[in-house]
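The values are calculated or read from the model by the stated rules, or taken from the named source; none is laboratory data. Since we're looking at a predicted model, the values are computed, not measured. Neighbour counts run over all protein chains shown; Cβ positions are idealised from the backbone, glycine included. We work out accessible area using only protein heavy atoms, side chains counted, and drop any ligands, DNA or RNA first. Shrake-Rupley method; radii C 1.70, N 1.55, O 1.52, S 1.80 Å.
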Amino acid sequence: MDHDRQRRTALEAQGAIVVVVPAGKDEGRVDIREALKILWAPPYNIKTLMVEGGATVIGEFLTNDTLAVDQLIVTIAPIFVGRGVHVAGAVGDQKLLMPELANIKHASFGRDCIMAATLQRCDYPK
């Protein structure tokens with residue numbers, strides 16, 4: 001597991017707990033399933049997690065039935081970051097089946113808009 005040991009030491013000096021997780025199939029990206037296995041097990045026992053990311057990370061969490069996502073909070077800021085504006089799309093040639101949103105709430109904070117919703121898995125016709 002290759003990581004920046006200087007950065008890790010600096011974070012730990014500030015009180016952070018750094019958990020090193022193996023990379024997934026995509027070089028340089030965390031294997032999300034492996035990370036969750038580590039975080040959910042002792043000594044961490046983390047059962048609630050906030051995930052920040054772009055289209056790829058959000059898409060992986062929303063479209064994978066083995067990842068237990070039950071609530072989504074999206075912050076929309078008046079700036080585009082990255083290579084596009086897709087929230088989540090296709091991975092390779094696969095079309096992603098997105099869950100439906102329920103109990104939607106929204107609020108404005110300055111220039112940002114926050115939306116929160118619970119997720120409902122859907123069985124789409126094939």
Completion exercise
In region 1-53, residues that are open to solvent by 70 Å² or more (accessible area, probe 1.4 Å), outside any helix (DSSP H, G or I) and more than 18 Å from A68 (Cβ to Cβ) total 12
Completion exercise
Across (1) of a type in the set (D, E, K, R); (2) surrounded by fewer than 10 Cβ atoms within 10 Å (Cβ to Cβ); (3) under 11 Å from the mean Cα position of the chain (by Cα), E60 clears everything bar (2)
